[in-house]
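These notes concern the structure reproduced below.
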Ligand SMILES: [Zn+2]
């Protein structure tokens, strides 16, 4: 579960609305990737900060002082140029494919449809009109239920790429069944909000009130542009409805608790457990009439939202449907619509002053809809076999370390250890790219029809997922494309993916010293492996089934240790009025801690008793921890940081780096003493795996 890195998630909402890929974002001026290397960069270090007071600022303070976030971004890190370079490569592949036929023809047609702005202006509202007419023609709640069903898309992912947000009433995720991990089933998740999370509706801070006011104004503007009368009054009712929906939603921290999510409902259960919505019509609209079994992630939200369908006037729902249609299709409408969308979702919600150039957005769009077609080309051109071999060696060392660490745990009973070891033995670790490619043949792309391409692309993706329901699972299936600069753990498949995109400097370099590779990509790999055993991963057995394989006393120990890690993070305050939520970020923090500890052991094992060569005046251990600290260097705009703290399962980079305070070797490496701000007495250092 849970991708490793955060940067791209900040674009989540815009990405969902415009169906852009979550991968590589881009910036106008390309920076040289060369001096970054995975070795420690001494010029980033702020020697005026004591390592024991703030290891993030010590590792990165000078880089922070001398780095400006580009205007078209909400976030910047030393990895951003890598994302840029990757995006540039993707763009070259896409644009370079324009002359060929077949699959590549589709890539080019989609890209051209995005670039043809004149066509968007000349078509105006003509393609939107029939959709709006269909909504206007809805006569009763039965027809409404059908229309709501027709909006269901495969746009959420609870455990792999972790996206809990859909602006549609509900979202579908097709994945191995919690209770039968050999077959795919249908998970349904709460939805219906245009803002990123329920907190945006319910929190009473001034910044949230301001966002709500601007959101309502944005809805009104979009309705006015689409030709609606009385847009202010309609917008007010839409926001009131979404506020009522938000009150029914469960929190992100609860979303992350798989034990609360395992609620198998038969189709006939819906009318009884969530009355108010005509479910037979809903499922007919969604094309899910033949599907008998579902897992409902948030039962109380389903009951609450279904009741709102009954109690809220039909006209309000029709306005809500119309707004969300316009919002989802904005990129395929005249420029005024996408400009307004960026002004709200880009500027107001993320603090990004300027929109990325159109060609970059076009590349993201193609990458989002045809990611594996692009990935096939990318992997062939940019992932050398020697990188694969070297990464595989690091992975094997880390797996060996985990095995040893589990064996050595004094608090764990042999029966629990045996299943933990079985999980490691069965783990599938994919390096570079997958063993098969997604087939996009059901997606019809037309070079002069962006509106239609957006619509058909999302529908085709949905239909591909629905077609998998009930089929046997493929444990080796990837959930990321090769060009993604990220990594992921897939708990229901007991599998890891390390795409080619992250296996390059500054994360990994086959020519770099071990200290740097283990501190950077080693900690990332360790992080992903340890998701196998984090607060959620520990709930799945070696076959990916949701099953309790722990003895009660082992589990009690695990809970106590993880609770103290959550408490540690609760004390971190990125803003005076906003602290990190230790429970919401717990799984990621466990993964950071276990991953760093394992990477350190694997680094020591790789040294095989020989001293690590000094570099830039730093010994091996210092290089290892600095490489870790620098791998999380980042700058975020305040609005984006706030959004991350509220909506993300990852702590921001600054606080992830503070994980070091739980590792004994860090104290020795930097002579950290009592009285230093990060100092923890040995008994207070959290040790889990
Ligand atoms: Zn993670």
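Rule-based calculations on the coordinates, nothing more; no lab input. Predicted model, so just to flag it, every value in this text is computed and none were measured. With ideal geometry, Cβ positions are generated from the backbone for all residues, glycine too; neighbour counts draw on all protein chains shown.
Observations on the structure shown:
- Acute angle (nearest 10 degrees) that the helix 620-631 long axis makes with the longest principal axis of the chain, alpha-carbon atoms: 10 degrees
- Pairs of Cα atoms in the chain fall into 20 Å distance bins, from 0 up to the last occupied one, in shares of 18, 54, 26, 2 percent.
- Sites residue 314 and residue 115, calculated FRET efficiency, Cβ-Cβ separation with R0 41 Å, nearest 0.05: 0.55
- Every pair of different Cα atoms in region 40-183 enters the Kirkwood calculation, which places the hydrodynamic radius at 21.5 Å.
- Under the Debye formula (equal points on every Cα, no solvent term), log10 I(q)/I(0) of region 368-426 at q = 0.22, 0.27, 0.29 Å⁻¹: -0.85, -1.04, -1.10
- Mean-position separation - Cα centroids, region 642-689 and region 525-587, in angstrom: 15 Å
- Compared with the dominant Cα axis of the chain, that is its longest principal axis, helix 586-607 is turned about 40°.
- Averaged over residues, the count of other Cβ atoms within 10 Å places the peptides 524-536, 264-276 in the sequence 524-536, 264-276, highest first.
- Each peptide in 668-677, 159-168 receives the mean, over its residues, of other Cβ atoms within 10 Å, and ordering these scores from highest gives 159-168, 668-677.
- Chain lengthening between residue 137 and residue 66 when straightened (0.36 nm per residue, less Cα-Cα): 19.8 nm
- Segment residue 236-residue 343, extension gain: residue separation times 0.36 nm, minus the distance between their alpha carbons: 36.6 nm
- On Cα atoms only, tilt of 141-150 relative to the major axis of the chain in degrees: 40 degrees
- Efficiency of FRET between residue 407 and residue 553 - r from beta-carbon atoms, R0 22 angstrom, step 0.05: 0.75
- Placing pseudo-labels 7 Å out from each Cα toward the beta carbon at residue 560 and residue 463 gives an inter-label distance of 5.7 nm.
- Stretched out straight at 0.36 nm per residue, the stretch from residue 253 to residue 421 would grow longer than its current Cα-Cα span by 57.6 nm.
- Taking packing as the residue-averaged number of other Cβ atoms within 10 angstrom, the listed peptides 411-421, 577-587 run from highest to lowest as 577-587, 411-421.
- Helix-only mean residue ellipticity at 222 nm for the chain, each DSSP H run of n ≥ 4 adding -39500 (n - 2.57), per residue, nearest 500: -15000 deg cm²/dmol
- Spin-label model, residue 335 to residue 243: label points 7 Å out along the Cα-to-beta-carbon direction sit 3.7 nm apart.
- Approximate spin-label separation residue 105-residue 206, in nm, with each point projected 7 Å along Cα-to-Cβ: 6.0 nm
- Against the rule of thumb 2.2 N^0.38 Å, how large the Cα Rg of region 47-127 comes out: 1.82
- Seen through its C-alpha gyration tensor, with square-root eigenvalues sorted a ≥ b ≥ c, region 404-501 comes out prolate because a/c lies at 1.5 or above while a/b is bigger than b/c.
- Region 462-585: C-alpha gyration tensor shape, a/c 1.5 cut-off, then a/b vs b/c: oblate
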